[in-house]
Number of protein chains: 2
Amino acid sequence: MATIYEVSEAAGVSLATVSRVMNGNTKVSDRTRKKVETAMAELGYQPNAIAQSLASNRTNSVGLLVSELHGSYFGDLMSTVEQALKLYGKHVIITAGHVDEKREHDAIEFLKSRRCDALILHAEAVSDEYLTTLCKSDLPVVVINRKVDGLDDHCFVVDNEKGGYLAAQAAIQQGHKEIGYISGPKFKKDASDRLAGHKRALTEAGIEAKDDHIFEGDFHESSGQEGMHYLKQHFPDITALICANDEMASGAMTAAREAGLEIPQHLSIVGFDNVLFSRYLYPKLTTINNPIQSLGEMAARWVLKNVYDTKINHAIEHLFVPEVVERHSLSKR
Amino acid sequence: MATIYEVSEAAGVSLATVSRVMNGNTKVSDRTRKKVETAMAELGYQPNAIAQSLASNRTNSVGLLVSELHGSYFGDLMSTVEQALKLYGKHVIITAGHVDEKREHDAIEFLKSRRCDALILHAEAVSDEYLTTLCKSDLPVVVINRKVDGLDDHCFVVDNEKGGYLAAQAAIQQGHKEIGYISGPKFKKDASDRLAGHKRALTEAGIEAKDDHIFEGDFHESSGQEGMHYLKQHFPDITALICANDEMASGAMTAAREAGLEIPQHLSIVGFDNVLFSRYLYPKLTTINNPIQSLGEMAARWVLKNVYDTKINHAIEHLFVPEVVERHSLSKR
DNA sequence: GCACTCTTTGTAAGCGCTTACATTTCAGTG
DNA sequence: CACTGAAATGTAAGCGCTTACAAAGAGTGC
């Protein structure tokens with residue numbers, strides 16, 4: 001693999017000149033530029049990004065921490081972030097934290113050791129203190145889908161409470177009064193926020209928010225099935241079921257159908273997230289759009305603007321409001 | 001950020017010694033090791049991976065090229081590869097090629113410029129010649145889901161022809177004789193292989209493989225809908241529909257239902273890939289399992305074994321055979 | 001106490017670039 | 001034609017590590 005030295009030799013110029021034509025920030029005469037470019041082409045020269053990074057203290061790469069590499073939610077997030085950064089020649093280095101404190105921590109350390117120019121974190125397990133310390137360091141950090149007190153400028157979040165509220169409101173507006181809820185793990189902020197919004201909507205509508213109408217799931221399909229079984233058995237008069245994400249809604253739909261309930265005639269179901277497959281379900285799932293792509297794009301823009309001094313016109317927003325996506329799984333009571 | 005130099009100073013030893021305790025391959029006395037470790041801890045020292053890579057010519061990272069960062073198929077692939085490599089302390093650098101020759105090429109060049117120790121490529125658009133040249137270079141390369149002549153040892157593939165055959169056979173065994181097919185873009189090798197298998201099964205069963213029963217889609221949901229419309233309109237006597245992937249099967253299901261056809265009573269549908277959501281569909285989709293995870297794991301193992309000299313017991317296999325996943329969308333005619 | 005070997009530690013030369021600073025070139029001036 | 005000063009190019013010192021080689025210690029046996 002040819003080095004810059006061989007190129008300089010072939011072109012009959014110094015190292016520095018070759019470096020200059022590569023980076024294009026200093027003036028180089030057209031004649032020498034030509035010579036260098038020819039030499040590069042002939043040698044099939046390809047700059048060593050590692051060496052460049054070491055010397056310039058700039059890696060042109062942004063670290064992205066997600067919880068999982070699979071699943072629509074993270075797929076959309078990774079995809080948007082990557083596209084936004086690639087437009088400006090920046091690259092993402094993706095790592096997975098698996099919602100485990102140690103693994104998230106290790107993943108972040110890894111990104112730091114790779115000397116990323118900035119970090120975009122979808123960190124769920126690591127502590128607020130850790131994130132705060134991180135943000136205070138000179139490494140630019142952005143947090144996605146999590147609000148940490150005192151770090152507002154670094155956080156990009158969805159108003160989950162509002163989302164939970166909207167889902168319940170949608171059901172109430174259709175005349176439902178007996179409403180079941182399958183929640184995510186309550187220790188997760190987004191899950192508890194959604195639930196809080198749900199309760200607020202019920203209360204405002206003068207419906208008692210009964211705790212035993214709430215089943216705590218784990219955001220996975222199977223717990224949607226379990227939740228459905230539990231609710232059907234104990235509260236057969238429930239007419240609407242709201243799930244804290246689309247996976248669980250899907251599980252609930254399957255379980256409901258197996259129990260002979262037709263959707264939405266016998267039971268209305270509302271999901272949350274609006275992941276890709278929610279539209280493939282039958283009936284198509286009425287759900288709450290979780291603008292994860294907007295979050296990703298905004299985070300990427302923040303980095304471009306604050307780290308790479310890119311001229312970007314769009315304003316940076318930090319709070320995103322979800323909205324109802326009306327499809328066919330919710331109907332009049 | 002502390003450097004190795006500061007650590008050596010604090011510990012009262014030389015640079016080399018610090019480097020030695022970090023890498024642990026040379027003998028260092030317990031006493032000095034302790035001193036160094038203490039110094040590291042006190043300074044919060046974190047090795048600079050970039051500098052390590054430059055000096056050692058080893059990045060401990062493997063480049064992974066996928067077509068998209070979203071979607072179950074690639075999600076599963078990325079996830080498996082990452083997990084397998086992480087076990088041995090290796091990391092993946094993921095890039096997306098978007099099934100575009102230039103972008104795939106650029107992505108590969110990027111991975112090369114990052115000096116990945118090896119490349120795992122799910123390359124669809126780049127030419128066979130390019131891949132061949134790449135494999136001949138000293139950079140270890142593995143190709144996933146594509147067979148390139150002369151590169152057998154580097155390729156990990158699914159027997160798509162067999163998969164297509166199995167899908168058709170499954171329908172035939174249920175007594176279907178009028179069978180529609182929604183294919184992927186025929187220029188794609190996997191799409192044409194699946195179709196070839198389909199035709200072989202029909203022929204072997206003494207059923208004429210009619211070209212107009214085949215609709216060429218693009219692997220996306222919407223083309224499944226289009227295909228369904230086309231077939232229903234022109235060949236209303238079709239009793240079974242086989243789709244070259246699950247997305248299109250899902251689209252076809254939607255369109256069929258909208259046309260008043262019940263599945264599988266009026267029309268049986270078989271998919272291909274067995275992506276996560278195929279199980280969420282209603283009725284649960286009968287499909288062909290595409291062992292993409294096995295491919296990914298095997299590719300990762302190949303790298304571990306051949307590049308990092310890891311002791312791995314499992315044999316390396318190159319051809320994976322798909323199988324039928326029986327669910328509820330296919331029934332007797 | 002000495003020559004010898006085997007460990008442990010130190011020295012210093014890179015790895016392939018960037019960039020501050022020094023030097024050269026050269027068009028434009030009086 | 002010598003003299004400027006801006007523009008173009010070169011020189012060399014790092015960036016933070018690894019590692020071959022050299023040097024120094026620590027055991028041995030006599």
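Derivation of every value follows stated rules applied to the coordinates shown; laboratory data play no part. Please read all numbers here as calculations on a predicted model, not as lab measurements. Reconstructed Cβ throughout: ideal geometry from the backbone, glycine too, with neighbour counts over all protein chains shown.
Modelled label positions at residue B:332 and residue B:137, each set 7 Å beyond Cα in the direction of Cβ, lie 5.9 nm from each other.
Could you tell me the calculated FRET efficiency between residue A:57 and residue B:60, based on Cβ-Cβ distance and R0 = 25 angstrom, to the nearest 0.05? According to the calculation, E is roughly 0.75. Remark: mean inter-chain Cβ contacts per residue of A:263-270 equal 0, using a 10 Å Cβ-Cβ cutoff to other protein chain atoms. One chain, two ends: residue B:187 and residue B:129. Fully extended at 0.36 nm per residue, the span grows by 19.2 nm beyond their Cα-Cα distance. Partner shielding of B:67-78 amounts to 6, given as the average count of beta-carbon atoms from other chains within 10 Å of each residue beta-carbon.
Which whole-angstrom value gives the distance between the alpha carbon centres of the range B:48-115 and the range A:202-263? After rounding, the separation between the Cα centres reads 41 Å. Averaging 1/r over each pair of different alpha-carbon atoms in the range B:208-310 and inverting the result gives 14.9 Å, the Kirkwood hydrodynamic radius.
By the Stokes-Einstein formula, at 1.002 mPa s and 20 °C, the protein assembly as shown with its Kirkwood radius over alpha-carbon pairs has D equal to 78 µm²/s.
For the range A:220-237, backbone phi angles converted through the Karplus equation (6.51, -1.76, 1.60; θ = phi - 60°) give residue-by-residue couplings of 9, 3, 4, 6, x, 5, 4, x, 4, 4, 4, 5, 4, 5, 8, 9, x, 8 Hz, Gly and Pro being listed as x.
Segment residue A:234..residue A:321, full-extension length gain: 27.9 nm, with 0.36 nm per residue of separation and the alpha-carbon distance subtracted. Extension gain, residue A:102 to residue A:218: 0.36 nm times the residue separation minus the Cα-Cα distance gives 39.8 nm. Entry for the range A:4-47 at q = 0.15, 0.17, 0.34 Å⁻¹: log10 I(q)/I(0) = -0.27, -0.35, -1.40, Debye formula applied to identical alpha-carbon scatterers, no solvent contribution. For chain A, treating each Cα as an identical point scatterer without solvent, what Debye log10 I(q)/I(0) comes out at q = 0.11 1/Å? Ignoring solvent entirely, the Cα scatterers give -0.76. For a straight C-alpha distance cut-off of 18 angstrom, the lysines reachable from residue B:35 (same-chain residues fewer than eight places away being disregarded) are B:27. Could you check the simple spin-label distance between residue B:88 and residue B:149, using points 7 Å along Cα→Cβ, in nm with one decimal? The modelled label-to-label distance comes out at 3.3 nm. Note on B:81-91: average number of Cβ atoms from other chains within 10 Å of each residue's Cβ is 2. Over the protein assembly as shown, dividing the summed -39,500 (n - 2.57) contributions of all DSSP H runs of at least 4 residues by the number of residues returns a 222 nm mean residue ellipticity of -14000 deg cm²/dmol. By its C-alpha gyration tensor, with a ≥ b ≥ c as the square roots of the eigenvalues, how is the range B:163-233 shaped: rounded for a/c under 1.5, else prolate for a/b larger than b/c, else oblate? Cα axes put the range B:163-233 in the oblate bin.
Shape annotation for the range A:8-88: C-alpha extents along the principal axes are 53, 23, 21 Å, from largest to smallest.
Listed by chain and number, the lysines placed with their C-alpha closer than 16 angstrom to that of residue A:86 are A:305, A:311, B:102; residues fewer than eight positions away on the same chain are left out.
Summing charges over all other residues whose Cβ lies under 10 Å from the Cβ of residue B:157, with Lys and Arg as +1 and Asp and Glu as -1, gives -1. Residue ranges A:159-165, A:175-181, A:231-237 sort as A:159-165, A:175-181, A:231-237 when ordered by packing (mean number of other C-beta atoms within 10 Å per residue, highest first). Pairs of Lys residues in the range B:135-281 are counted when their Cα atoms are under 19 angstrom apart and they lie 8 or more places apart or on different chains; the count is 18.
Packing-based ranking of A:285-294, B:144-153 yields A:285-294, B:144-153, ordered from highest to lowest mean Cβ neighbour count within 10 Å.
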